[in-house]
Amino acid sequence: MGIITLFYLLIIIIFLAIGAGIIFHLLRYKINRRVAGIMFIIYISGSLIFLVSNIIFFRSVNWNQIFSNF
């Protein structure tokens, strides 16, 4: 189970790094300040919902039962 958690943590770190790059480009290279602000809020809220629900689903899986057959 430890290796699965480490792999999942690596995926979360990659997701956060890519998200930071997207946020940087949303705020740095804005054409319209109002549209950039709205898109920033939409992106942050959608990403947080995705991340929290993904973590909840990951933690709800019984990994020991899945890998007990191997």
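The values are calculated or read from the model by the stated rules, or taken from the named source; none is laboratory data. All figures in this text were calculated on a predicted structure; none of them were measured in a lab. Using ideal geometry, Cβ is built from the backbone for each residue, glycine included, and neighbour counts are taken over all protein chains shown.
When the stretch 23-38 is filtered for residues that are loosely packed, with under 14 Cβ neighbours inside 10 Å and not aromatic (Phe, Trp, Tyr), the ones remaining, listed by number, are HIS25, LEU27, ARG28, ILE31, ASN32, ARG33, ARG34, VAL35, GLY37, ILE38.
Of all residues in the stretch 13-38, those being free of Cβ contacts under 8 Å to residues at least 12 places away in the same chain and over 18 Å from the mean Cα position of the chain (by Cα) number 11.
Residue by residue through the stretch 39-70, note down the ones that are without any contact (Cβ under 8 Å) to a residue 60 or more places away in the chain and surrounded by 12 or more Cβ atoms within 10 Å (Cβ to Cβ). Once the filter is applied, which keeps residues that are without any contact (Cβ under 8 Å) to a residue 60 or more places away in the chain and surrounded by 12 or more Cβ atoms within 10 Å (Cβ to Cβ), the stretch 39-70 yields MET39, PHE40, TYR43, ILE44, SER47, PHE50, LEU51, ASN54, ILE55, PHE58. One residue stands out in the stretch 32-53 among those that are farther than 17 Å from ILE18 by Cα and among the β-branched types (Val, Ile, Thr): the one that is modelled with the highest pLDDT, namely ILE38.
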